[in-house]
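Notes follow once the structure below has been shown.
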């Protein structure tokens, strides 16, 4: 525990001058699937992103995420994706807008009776959102919208997420 105060002080001092940043995030997600007789699904999204370049207004990096949406009946979907990320910092407001293009895989259980499908397939989509800085290393993910296309089911998923982001700056 003696290392914690010096390590924390170093991290605080580095925050303004570091050139790269790693962040871990998690949040509550709610989604609709474009499939008949499918209820709204509630669950969570977790992930991490790395911003490799820090410019005054733009950051470029990569994001890896998983969205887990269990259903009350036989419907559920799990999506794991990764892709490039761009974030825009607004100078006058502690707000970070971001956009991502994501590809990966999904496992979906949808439908009922003879229309029931339980498949794993390719997934691709986009995500856009806004993070609000609330503390030096903590952001509130005010809102994120993601659109995902699941190939084999076939279905699309529209998800809204809110949560918390823990940023870890380093050089």
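Which is modelled with pLDDT of 95 or more, over 19 Å from residue 22 (Cβ atoms) and in contact with a strand residue (DSSP E or B) (Cβ under 9 Å, 6 or more places away or on another chain), of 111, 163, 104, 129? Only one candidate qualifies: 104. If the condition is being closer than 15 Å to residue 81 by Cα and surrounded by fewer than 16 Cβ atoms within 10 Å (Cβ to Cβ), then region 122-144 contributes 122, 126, 128. Note on region 67-103: residues that are within 12 Å of residue 146 (Cβ to Cβ) and surrounded by fewer than 20 Cβ atoms within 10 Å (Cβ to Cβ) amount to 3. Inside region 157-171, residues that are farther than 26 Å from residue 53 by Cα and surrounded by 15 or more Cβ atoms within 10 Å (Cβ to Cβ) make up a count of 3.
The values are calculated or read from the model by the stated rules, or taken from the named source; none is laboratory data. Owing to the predicted nature of the structure, the values given are computational and were not obtained by experimental measurement. So basically every Cβ, Gly included, is an ideal-geometry build from the backbone, and we count neighbours across all protein chains shown.
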